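S.K.: My structure is below; once you've seen it, I'll send some questions.
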Ligand code: LMR
């Protein structure tokens, strides 16, 4: 019987949308989930995505057959090139295995399951504190013990670099370290290039740790695909092993298509072949093989020079709109003389601002101002618009002064 089944809590991020949908107020604003909205507050389907879809539909040679277990080969190759750079020595040396995944989550999960079965080091993953909530569920359920390293310093609202380095130094050799490739979620705080180099030295030289990158925002943080892949490339170009989960949810706006990739970078071509064979054994009993449509869209865009250039422009437009929201919100709080230092709204990177507002303040803003955001004080800047900035600023102001 199932009478004993308990009511589960809503997901801390996706549950915000559930609550938002139930609110009848016309004034409601959803700044919970990290999903891009236009100035009109509408979801955006990129023009390049529409064009790629038209090509796909018109191409009668395409069919609805099953993909292979690892997905569309050209998609995998292009995804590795996108994150590692098309001139990547690791790709040339055939040390990179890439499999199509179900967006970021699915790619992380396949990576976690593979680590749990085959990793020769410590089956322990260190994730930043705080991190995207799903990391804390994906890895333990994969069979990889999950611990945290210090990352965010609430006092400076910046990186606790010393704490992070100390925690990595104290991790057992062979442990895995989850790193956000850029635009750390939820804090919007990234290491500087110099700090990345310090982190790399600890991971590669002082210790033998395995970096596992979560790349959910390539192109979204700075507007440049190469700039946002910089840290990952430092770790791969040094010749060491690495895991990378890529998502196309944000940077191509393909949220619901569930399209992403997992790359495993090893030390030799033969090892790569064997790793790929084992990844197939992880995937097959989980979901058999991945869906076609989203990956086909990505392949068309990444392989067509004109569409690729057009994508970069659209990506930069999205990144720029988010940055302009940062300025508008900062100015609005300044205008209201809201107590506190709000510089971090300008300094944080990517989709989110980690405001520093506490749970009570967030609950107040939701109750009194119909602003929906996660209880950790994270705001999706991509969900804001010029119209809603004043409402958010009023809500923050009254939450802070009350
Ligand atoms: C988020 O953090 O809001 C996004 O990555 C969406 C998700 O799946 O949680």
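S.K.: When you scan region 343-371, how many residues do you find that are touching a residue at least 40 places away in the same chain (Cβ under 8 Å) and more than 21 Å from residue 183 (Cβ to Cβ)?
M.R.: Adding up the residues that qualify gives 4.
S.K.: Now, a different point. Being within 16 Å of the ligand (Cβ to nearest atom), surrounded by 15 or more Cβ atoms within 10 Å (Cβ to Cβ) and in contact (Cβ under 8 Å) with a residue 12 or more places away in the chain is true for just one of 69, 13, 56. Which residue is that? Can you show your working first?
M.R.: Details: 69 fails: within 16 Å of the ligand (Cβ to nearest atom); 56 fails: within 16 Å of the ligand (Cβ to nearest atom).
Being within 16 Å of the ligand (Cβ to nearest atom), surrounded by 15 or more Cβ atoms within 10 Å (Cβ to Cβ) and in contact (Cβ under 8 Å) with a residue 12 or more places away in the chain holds for just one of 69, 13, 56, which is 13.
S.K.: Of the conditions (1) within 30 Å of residue 368 (Cα to Cα); (2) away from the ligand (no atom under 16 Å from the Cβ); (3) crowded, with 17+ Cβ neighbours inside 10 Å, residue 22 fails just one. Which one is it?
M.R.: Status for residue 22: all satisfied but (3).
S.K.: Further question on the same structure: Kindly list, by first and then second residue, each pair from a residue in region 255-269 that is free of Cβ contacts under 8 Å to residues at least 12 places away in the same chain to a residue that is not in a helix (DSSP H, G or I), limited to pairs with Cβ atoms under 9 Å and residues at least 6 apart or on different chains.
M.R.: Qualifying pairs under 9 Å: 256/249.
S.K.: Would you say residue 189 is under 19 Å from residue 164 (Cβ atoms), assigned to a loop (DSSP other than H, G, I, E, B) and touching a residue at least 24 places away in the same chain (Cβ under 8 Å)?
M.R.: Judged against the criteria, residue 189 is a match.
S.K.: Would you mind telling me which numbered condition in (1) over 22 Å from residue 135 (Cα atoms); (2) touching a helix residue (DSSP H, G or I) at 6+ places or on another chain (Cβ under 8 Å); (3) more than 16 Å from the ligand (Cβ to nearest atom) residue 30 fails?
M.R.: Unmet for residue 30, out of (1) over 22 Å from residue 135 (Cα atoms); (2) touching a helix residue (DSSP H, G or I) at 6+ places or on another chain (Cβ under 8 Å); (3) more than 16 Å from the ligand (Cβ to nearest atom): (3).
S.K.: Further question on the same structure: Just checking: which of the helices (runs of 4 or more DSSP H) contained wholly in region 283-386 hold 3 or more residues that are touching a strand residue (DSSP E or B) at 6+ places or on another chain (Cβ under 8 Å) and more than 16 Å from the ligand (Cβ to nearest atom)?
M.R.: Values: elements: 293-303, 305-335, 343-347, 359-369.
Those helices (runs of 4 or more DSSP H) span 343-347.
Values in this text are rule-based calculations from the coordinates and carry no lab data. Note that the coordinates shown come from a computational prediction; the quantities given were computed from them, not determined experimentally. Virtual Cβ from ideal backbone geometry, glycine too; neighbours counted across all protein chains shown.
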